[in-house]
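I have placed the structure first, in the form of structure tokens, so that the comments after it can refer back to it.
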Amino acid sequence: MGIAEHALLSTLQHREPLLWLNPAVAPALRILEELHSEYGIGLQDIEKADRLLRRWSNALTRLFPELADAEGIIESPLLPLEHASTVTGAHLAGRFLIKADHALPVAGSIKARGGIFEVLTHAQALAARAGLFREGDDPLVLLRPDAQAFFAQYSVSVGSTGNLGLSIGVMASALGFRASVHMSSEAKDWKKLRLRNRGVTVIEHSGDYALAVAAGRDQADADPKGYFVDDENSRHLFLGYAVAALRLREQLAAAGIAVNASHPLFVYLPCGVGGAPGGITFGLKHVFGDAVHCFFGEPAASPAMLVRALSGERRRSVYDIGLDNLTEADGLAVGEASELVYQLIRNLFAGEYTVEDKDLFRVVYRLKEATGIQIEPSAAAAFLGIRFFEEAAGRRYLQAATHGAGQATHIFWTTGGSLVPQSEHARFYQHGRDLAAG
Ligand SMILES: *Cc1c(COP(=O)(O)O)cnc(C)c1O
């Protein structure tokens, strides 16, 4: 069935928040085996990505002293969320946690793991080809002046609504690459400024995210020493994001929280092009199998992954159903999902929900009030899925998943915010407060 006949079409077009349960979700073990044989991607690749990031820990600490306490591992805490209902508005039994990627060091968003992993992979491969790096070397050798001079001949570029540009731009320029970021119209001025201060070239485009990506891709294609991080089609980004699952497994174990058939895990992930939530879902399915239920949240104006899933056709965008892709959630302002990611997760993610901008601001305000945590509007989408489990279809789903026992653990993945300037936070907060009062 195409999207034109879909029962949800008019709800989508009217931008009414909705929950969609993925009818294609299938047993994780079988799907992961199929993906492994069809795409050659699996747990070993995630573990390999984790090893590469760990091997870089000395070098990363040298480049970013803020990582010293964490011994060079870019990771965020898992935090308890007391009184979740004051933030989410939903009154459900269960345990509630925040996976605090808004506080990920170096890049301040979920883009840190994927973006940095891809840049490091590329740098290592280039250096190895030039004889500057051998298997077993500590990547510290790649911080020496000769390596920096070598990388300076090469460029790394990316198209971004903002946060991926920050992650790639900061990492690439720290290694000595010429870095450029193609930014879409939503990108905020402070992100451009921050990048320019790091020596990154920012190219501004008046069009949307897909256009910025296309422009970056064309420019890199024309440069034999150019490398383009393709957010719409990158296995490296996907695998870098997936590493979060291994880390989350450790954190849950350390907190004594079991995840199994009678204690399912519900994870709420804001979704743009799909790479970050998709990679994390892929990783979590390897770790927890059918006991984990991953839901993606998208703005009602930009439900790119949902449109892809419902239409059953490639290259369908939110514009095709009359939406404008205009949202204050700049990290999620994407009209068309990554086809690669869609193919990798179509049978793994539990479902999708859409959110209105005004609710994002309300959550930003309420979370700050309840916990002091400051997130950006995109990240607030994490908290707006759970309320659907109080409605009929969601309630049935939750009851089936918990066998009626209500023993689920819910994780809200706060995907960005710690680098947002205080003046911006104050604006978000005030806007949320006005809306919450009104
Ligand atoms: C990029 C981003 C996401 C979503 O990641 P995608 O890979 O684009 O799906 C979510 N939240 C924030 C804050 C982001 O910057």
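Reducing segment 9-69 and segment 254-282 to their Cα centroids gives an inter-centroid distance of 10 Å.
So which trypsin sites (Lys or Arg not before Pro) in segment 248-314 pass both tests, a DSSP loop state and at most 15 other Cβ atoms within 10 Å of the Cβ? Could you put the intermediate results ahead of the total?
Working: sites: Arg249, Lys285, Arg308, Arg314; in loops: Arg314.
Filter output for segment 248-314: Arg314.
Sort segment 247-389 into rounded, prolate or oblate with this rule: let a ≥ b ≥ c be the square roots of the eigenvalues of the Cα gyration tensor; rounded if a/c is under 1.5, and if a/c is not under 1.5, prolate when a/b is larger than b/c, oblate otherwise. Judged from the Cα gyration tensor, segment 247-389 comes out oblate (a/c at least 1.5, b/c at or above a/b).
How much of the DSSP beta bridge set in the chain is antiparallel, as a percent to the nearest 5?
On the way: 8 of 42 bridges.
Restricted to the chain, the bridges split so that about 20 percent are antiparallel.
Directionally averaged projected area (segment 337-438, Cα convex hull): 8.4 nm².
For the chain, modelled as a GNM whose springs connect Cα atoms under 10 angstrom apart, the maximal fluctuation among Asp137, Asp359, Asp208 occurs at Asp137.
Mind checking the full-extension length gain between Ala93 and Ala128? Use 0.36 nm per residue of separation minus the Cα-Cα distance, one decimal, nm.
Values: separation 35, 0.36 × 35 = 12.60 nm, distance 5.28 nm.
Answer, rounded to one decimal: 7.3 nm.
Name the trypsin sites (Lys or Arg not before Pro) in segment 77-148 that are in a loop by DSSP and that have at most 14 other C-beta atoms within 10 Å, would you? Write out the running numbers ahead of the final one.
Details: sites: Arg95, Lys99, Lys111, Arg113, Arg129, Arg134; in loops: Arg134.
Sites meeting the loop and neighbour criteria: Arg134.
For the chain, a Gaussian network of Cα nodes joined below 10 Å ranks Gly283, Gly274, Gly226 by mean-square fluctuation, and the top entry is Gly226.
When the helices of the chain are scored as -39500 (n - 2.57) per DSSP H run of n ≥ 4 and the total is divided over every residue, the value at 222 nm lands at -13500 deg cm²/dmol. Using a Gaussian network model of the chain in which every pair of alpha carbons under 10 angstrom is joined by a spring, one finds that among His263, His293, His102 the greatest mean-square fluctuation is at His263.
Legend: Rg and Dmax of segment 197-330, from Cα coordinates, 18.0, 54 Å.
Overall size of the chain from C-alpha positions, given as principal axis extents largest first: 63, 45, 44 Å.
In plain terms, the chain is cut at each of the GluC sites (Glu not before Pro) found in a DSSP loop with at most 13 other Cβ atoms within 10 Å, and the longest leftover piece is 136-312.
None of the figures in this text is laboratory data; all of them are computed from the coordinates on show. Remember, predicted model here, so these are calculated numbers, not experimental data. FYI the Cβ positions are ideal-geometry reconstructions off the backbone, even for glycines, and counts take in every protein chain you see.
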